[in-house]
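For reference, the structure is listed below as structure tokens.
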Amino acid sequence: MVDMKCTDEEILAALTVGNKTKQEIADGLDISTRSLRKRCARMRREGRINLDGSLPSQFPGMGREITKVTTHLDADGHVNGLHVTEKPSYGEHAQIIDAPIIRQSRYTGKDGEVIGQWDIRVPEATQQAQMALIEGFTATLTPLPPQAQLDGALSAQLRNQYVFSDVHVGCMADSDNPNSLEEDEELIAACFELMVARAPKAESATVVILGDWFHFDSLLPLTVASKNVLFANAHFPQMVKSGIRIMRRLLTAALFYHEVVEVVIAEGNHDPASALWMREMFKALYENEPRISFVDEDRPFSATVFGDTFLGYHHGHIKTIKNEKDLAIIFAAIFPELWGKTTNRYIHTGHLHHIEEKDVGGVSIRQHPTLSRLDNYAKRHAFLGTNAAICTTYSTRYGEVSRTYITPEMLMLS
């Protein structure tokens, strides 16, 4: 049963307004999405809507092309029907982009004769952005010499774990009063320096990038899986360079205040690919520094051990803190040796931007806050929470012994 609460003309008019989803269009017309799809399919067959969902009045040439007409005759030889065979017709809508050809593909017949070919083109702006990324990486990939270290007594029985979750470098927090990359860089670095100054004097440290270090993961500001449009305050190359600068500042400070530094770079739902190249790039950058090491785990679950303490890390996009039993089982199954030789076990997640803690079967699972301010999406959905970063100090024997909690407001008091 087709829903007829609105006319075809109203549907056609709704299709021309913005980049609305089918659900949004159906809601605005007070019909079901199933009814909308059926009516759009009918109008495509009638040639009133193009194959790509646009209107012929907007983009001519995207309708259908008649390839054959079959005539049906009755017993007396009179025409009593026609059968029309059609195929998609892309016409002028499939315009050739003004860009250099980077590769050609062709297909041939049995005798080797070229039947057809197609050109692979990449816009010059995209090529320039890709080259900027490559140049930015190669410029920073010269291995650094061993870093300077602060003199003073440090406890070998303690480890400081500095967690940065959901930093979202490149996120525009407020479109009315936009934040800049430079402001975000200074905020994160200053919070880290204050955290280090107030934390116990531990010999070792773990710097944890707990996913979503970058706001988006490609040349376009879109989420990886759902392709939702994000508010960004920079282009991808600018964002990448900023993220690299911040990371170098954090690791330089960590090496200055600690004898040994371990680094975890976990993937998030906003930056699964960037987390991979970040880890590989910084491994190469610090390959001549014996005091730093990287937890090399390609899976979205990673772990390390400090004495009798198990420390697991997962962004939370696959299993959130609401799946606390699943998280405990997953880490025990993936890291049985590390799990089996420890008595204090902690799993750290992020993703949801606010603090939450649960204990299950003797395992402490903690969801970390973020230093990133709310963007428009978070404001609309009332994802409220305190902006903060947390340093947790662990003992080789007793597990957690203290926690240092830093908010941006505390910078004004330091």
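The modelled label-to-label distance for the pair residue 17/residue 334, using points 7 Å beyond Cα in the direction of Cβ, is 4.5 nm.
The stretch between residue 157 and residue 299, if pulled fully straight at 0.36 nm per residue, gains 48.2 nm over its current Cα-Cα span.
Counted residue by residue at 0.36 nm each, then reduced by the alpha carbon distance between them, the extension gain from residue 111 to residue 326 reaches 71.4 nm.
Counting only lysines at least 8 places from residue 358 when in the same chain, those with an alpha carbon closer than 18 Å to its own are 319, 322, 325. Ranked for footprinting exposure by Cβ neighbours inside 10 Å, fewest first, 198, 48, 159 give 198, 48, 159. At an R0 of 41 angstrom, the distance between the Cβ atoms of residue 42 and residue 228 translates into a FRET efficiency of 0.85. Its convex hull of Cα atoms gives the stretch 147-412 a direction-averaged projected area, equal to a quarter of the hull surface, of 13.6 nm². Note that the stretch 305-351, at 10 °C in a medium of 1.306 mPa s, gets a Stokes-Einstein diffusion coefficient of 147 µm²/s from its Kirkwood radius over C-alpha pairs. Size descriptors for the stretch 327-414: radius of gyration and Dmax over Cα atoms are 15.9, 46 Å.
For residue 356, the amide hydrogen comes within under 5 Å of the amide hydrogens of 367, counting only partners 5 or more places away or on other chains and with H modelled in the peptide plane.
Figure the gain on full extension for residue 144 and residue 5 (residue separation times 0.36 nm, minus the Cα-Cα span) and round it to one decimal in nm. Intermediate values should be presented prior to the final figure.
Working: separation 139, 0.36 × 139 = 50.04 nm, distance 6.81 nm.
Separation in residues times 0.36 nm, less the Cα-Cα distance, equals 43.2 nm.
For residue 402, the residues 5 or more places off, or on other chains, whose built amide H falls under 5 Å of its own are 393.
Take peptides 178-190, 358-370 and line them up by average Cβ neighbours within 10 Å, highest first, as a rough protection proxy.
Working: 178-190: 16.1, 358-370: 18.4.
Most protected by this proxy first, the peptides run 358-370, 178-190.
Modelled label positions at residue 189 and residue 73, each set 7 Å beyond Cα in the direction of Cβ, lie 8.7 nm from each other.
FRET efficiency for the pair residue 235 and residue 55, taken as 1/(1 + (r/R0)^6) with r the Cβ-Cβ distance and R0 = 30 Å, rounds to 0.40. Ranked by the mean number of other Cβ atoms within 10 Å of their residues, highest first, the peptides 246-254, 398-406, 333-341 come out as 246-254, 398-406, 333-341.
Just so you know, all these numbers are worked out from the coordinates, no wet-lab data involved. Computed from a predicted model, the values in this text were never measured in an experiment. Here Cβ is always computed from backbone atoms with ideal geometry, including for glycine, and neighbour counts include all displayed protein chains.
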